[in-house]
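The values are calculated or read from the model by the stated rules, or taken from the named source; none is laboratory data. Only a predicted model underlies this, so the values are computations on that prediction, with no experimental measurement involved. Here the Cβ is made from the backbone with ideal geometry for all residues, glycine too, and neighbour counts use every protein chain on show.
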Amino acid sequence: MDLNFPLILVVAVFATGLIALFDRLVLAPRRKQAVSSYRQSVETPDEMTVEDLERESAVVETSKSIFPVLLLVLVLRSFLYEPFQIPSGSMLPTLEVGDFILVNKYTYGLRLPVVGTKVVAVNDPKPGDVMVFKEPANPNINFIKRVIGVPGDKIAYRNKILYINGKPVPESFVGELKDDYDPRMGVRPPYRVYDETIGDVTHEIRKDLLLMDRRAEGEWTVPEGQYFVMGDNRDRSNDSRFWGFVPDSHVVGKAVYIWMHWPSWTDIPNFRNNGAVQ
């Protein structure tokens, strides 16, 4: 089962805040009154008894302690920056499995946590941006892809060539490499790396030489309020070519910086990939 962490965080903030408020308005005055009544009822008050009467319950004490921290985390990850870990190779060679990235949450406008409703418009996603968004089929899962088309654009993909509004996207050959050994193929699959320019962004893409999926080919016109996205690992990416467009309501933010690389718990974290996301 997929955990909806933003929803859990909102509920935790609301619950701890409500308990803290109830203590301030109701329970704290009752404790103060109990202490006052006790002091008036005895000649020499026992300080341990006073401490017991003043003591907050474990639930109240914990709630008051963690509420400010949870509120700060909610504000930071909902409106400013949120960390993500890259789970797959669909964005190779730009992003590797295990890269930890920072996602700018406000560059595309301020949105309410959980529901994703935009309350303050700032900028719209642009072609070439690396964008995090909720998977259209399952909003509890976050995807990361590159924005290829914005509303009104006509996108085509044929013979591993990308076209935007009828023009092939500029690309230049960088080099040919081989992947790790694939037991299903019995070889180290070769692939080529190209520099591709979309909008104002030049980045690397990868094309496998032994893979050709005709299902990835087609032509699409991007509707209003939606976006067409693709992975930089063009032959190994589950993206708009297969499942359609990303609604604006599913946009999470723009990937801006790689701050750590940690592919698995058995590896030592390193910072070799640190830098701005291109």
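Taking the criterion of being farther than 11 Å from Ala20 by Cα, loosely packed, with under 13 Cβ neighbours inside 10 Å and under 32 Å from the mean Cα position of the chain (by Cα), the only residue of the stretch 49-70 that qualifies is Val69. A residue that is part of a strand (DSSP E or B) and loosely packed, with under 13 Cβ neighbours inside 10 Å occurs nowhere in the stretch 242-263. Within the stretch 215-239, the set of residues being in contact with an Asp or Glu (Cβ under 8 Å, 6 or more places away or on another chain) and in a helix (DSSP H, G or I) comprises just one member, Ala216. Looking only at the stretch 195-215, residues that are on the phi > 0 side of the Ramachandran plot and without any contact (Cβ under 8 Å) to a residue 40 or more places away in the chain come to 0 in all. Considering Thr62, Thr44, Thr49, Thr16, the condition of being outside the structural domain of Val132 (by TED's automatic domain parsing) and not in a helix (DSSP H, G or I) is satisfied by Thr44 alone.
Of the residues Arg234, Arg192, which is touching a residue at least 60 places away in the same chain (Cβ under 8 Å) and on the phi < 0 side of the Ramachandran plot?
Working: Arg192 fails: touching a residue at least 60 places away in the same chain (Cβ under 8 Å).
So the residue among Arg234, Arg192 that is touching a residue at least 60 places away in the same chain (Cβ under 8 Å) and on the phi < 0 side of the Ramachandran plot is Arg234.
A single member of Lys105, Lys32 is surrounded by 16 or more Cβ atoms within 10 Å (Cβ to Cβ), among the charged types (D, E, K, R) and either touching a helix residue (DSSP H, G or I) at 6+ places or on another chain (Cβ under 7 Å) or modelled with pLDDT of 90 or more (or both), and it is Lys105. Flag: Val11 does not match the condition of being exposed (fewer than 14 other Cβ atoms within 10 Å of the Cβ) and over 26 Å from Glu82 (Cβ atoms).
I need a count of the residues in the stretch 125-141 that are in contact with a Phe, Trp or Tyr (Cβ under 7 Å, 6 or more places away or on another chain), under 20 Å from Gly89 (Cβ atoms) and surrounded by 18 or more Cβ atoms within 10 Å (Cβ to Cβ). Selection size over the stretch 125-141: 2. Restricting the stretch 190-220 to residues that are of a type in the set (Gly, Ala, Ser) and surrounded by fewer than 17 Cβ atoms within 10 Å (Cβ to Cβ), the residue that is modelled with the lowest pLDDT is Gly199.
Is it true that Thr16 is modelled with pLDDT of 85 or more and loosely packed, with under 14 Cβ neighbours inside 10 Å? For Thr16, the condition - modelled with pLDDT of 85 or more and loosely packed, with under 14 Cβ neighbours inside 10 Å - is not met.
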